[in-house]
Amino acid sequence: MRVWLLQTGEILPLEAGGRRMRTALLADALAARGHDVTWWCSAFDHMGKRMVLADDAIVPLSGTVRLRALRGRGYRNNVSLARYVDHRIVAAKFARRAAQAPRPHVIVAAMPDLYLAYEAARFAQQAGVPLIVDVRDQWPDVFLEIVPDRLRALARFALGRDFRRLKTLLRAADGIVGSMDAILAWALERAGRARSDRDRVFYLGATREDCGVAERAPAPAAETAGANRMITVVFTGTFGRYYRPNVLVRAVKHLNRDPVWRDRIRCVIGGDGDYADEVRREAQGESNVVLTGWLDTTAMRTLLAEATLGVIPLAGTIQAFPNKAFTYLSAGLPILSSVGGEFRQVMEARGFGRHFEPNDAVGLAQLLRECWTDPPAVREMRARAVKAFAREFDARVIYRSYAEYVEDIAAARPSSSSTPAIRPAALPSP
């Protein structure tokens, strides 16, 4: 089959050692099953906030996978008019290019981006191509969370067209995929229909190879030594609206009020983002807090091999299963997390981590103290993390099943492999 994947926010696999995320993993799984895969993407790196390609381009990857990159304008902040304009430009370019490209047998469109996914729905309806919408986030609902309560009704009115566009998109889909049960339930509610066998949940997952961990080694000596042992607690990711490692820095500072803890806990924070300067200011003067900036796969391998615990410092609330949970679990790391909802339920049921409340530095400090004091408990959480990853979160298992699902959706409503003229659109223009 010819398969189109549409996703604009992930790291593009353009450089050796770069991490493959959801779309890249699905592309690899589909290619391994003999399919021809085109990944429509943006030329702009959402995470690094930079253009990675100078113009629209077709970039061959491994085997039968290629990128079809579309250049927008770029943006500096995730919540900005510039981002809105960028996404509209990319979506409009897709609409023009798609009409001239060899017709796919099935399309998998990630949402967000809402505008690109909506154009995919228009094309799919016009061309008679099955469409799967892979819902990653509760867009545009997430914008309502960042405005004051008194302005929320006004914001909903202003976003009215986007809410209608979302409903139309989801109703047009042959199948809806969620990255967790709560996300799928939200999408089906917005679509106004009950769940069917065409709708599935596939966790984001990760591979040990992408995280640089082939096999988790036994507990390091530092975990099992006596009073002089040192544990290493890590955070890796974007310092943004969702995840703010400030709370981890504050937890370590709270412990450092007793100088003995400077030799017991080492905190390593890898990444960058909108709140990086704030994190750096808070970490000044703390000798056991290290800020590394962005890490490539080799550096990530070293860090995860040395780590004792991984922290997920959510600042508010989300429904999505956090990406970094899979990174930590792939390395066999116990998790200290402030993510509630479905992830907390899974974490506590599987026993691979412990919860603290968002922005609760004192509560996180207490968990760190307990983990240092009780090495057997940490080893037990580590064993449970290894087990949970192998059974539920290994990307090789997840995306093999996802690829089979794509084949099933395509087979249920086969499209023509020719490229006749596109019929007039039934879905309204955005």
Next item on the list: Taking 7 Å along the Cα-to-C-beta vector as the label spot, tell me the Val260-Asp296 distance in nanometres, rounded to one decimal.
Entry: 4.2 nm
Next item on the list: Only Lys, Arg, Asp and Glu count, each charged at its Cβ (+1, +1, -1, -1), so figure out the dipole size of the chain about its Cα centre, rounded to 20 debye.
Entry: 920 debye
Margin query: Quick check for you: with a 1.4 Å probe and neighbouring chains kept, what is the accessible area per residue of the chain, in Å²?
Written below: 42 Å²
Check: Who wins for biggest fluctuation among Gly192, Gly353, Gly316 in a Gaussian network model of the chain, springs between alpha carbons below 10 Å?
Finding: Gly192
Item checked: Cβ-based net charge around Leu81, under 12 Å, with every Lys or Arg adding one and every Asp or Glu removing one -> +3
Item checked: Selected from Pro358, Gly341, Gly9, residue furthest toward positive end of dipole (the chain; charges at beta carbon) -> Gly9
Notebook entry, point to check: Per the helix-only calculation at 222 nm, which mean residue ellipticity applies to the chain, given -39500 (n - 2.57) for every DSSP H run of n ≥ 4 and division by its residues, nearest 500 deg cm²/dmol?
Noted result: -12000 deg cm²/dmol
Item checked: Accessible carbon and sulfur surface of segment 17-112 relative to its total accessible area, %, 1.4 Å -> 53 percent
Checklist line | Cβ-defined net charge surrounding Thr64, 11 Å radius [Lys, Arg +1; Asp, Glu -1] | finding: +1
Margin query: Report the Cα centroid-to-centroid distance between segment 1-61 and segment 153-187 in angstrom, as an integer.
Written below: 24 Å
Item checked: Between segment 346-417 and segment 292-329, the alpha-carbon center distance in angstrom -> 12 Å
Next item on the list: Return the FRET efficiency for the residue pair Val362, Val142: r is the Cβ-Cβ distance, R0 is 30 Å, and the value is rounded to the nearest 0.05.
Entry: 0.55
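The values are calculated or read from the model by the stated rules, or taken from the named source; none is laboratory data. In this text, all values refer to a predicted model and were calculated from it rather than measured experimentally. Note: ideal-geometry Cβ built from the backbone for every residue, glycine included; neighbour counts use all protein chains shown. Just so you know, the surface numbers come from the protein's heavy atoms only, side chains and all, with ligands and any DNA or RNA stripped out. Shrake-Rupley method; radii C 1.70, N 1.55, O 1.52, S 1.80 Å.
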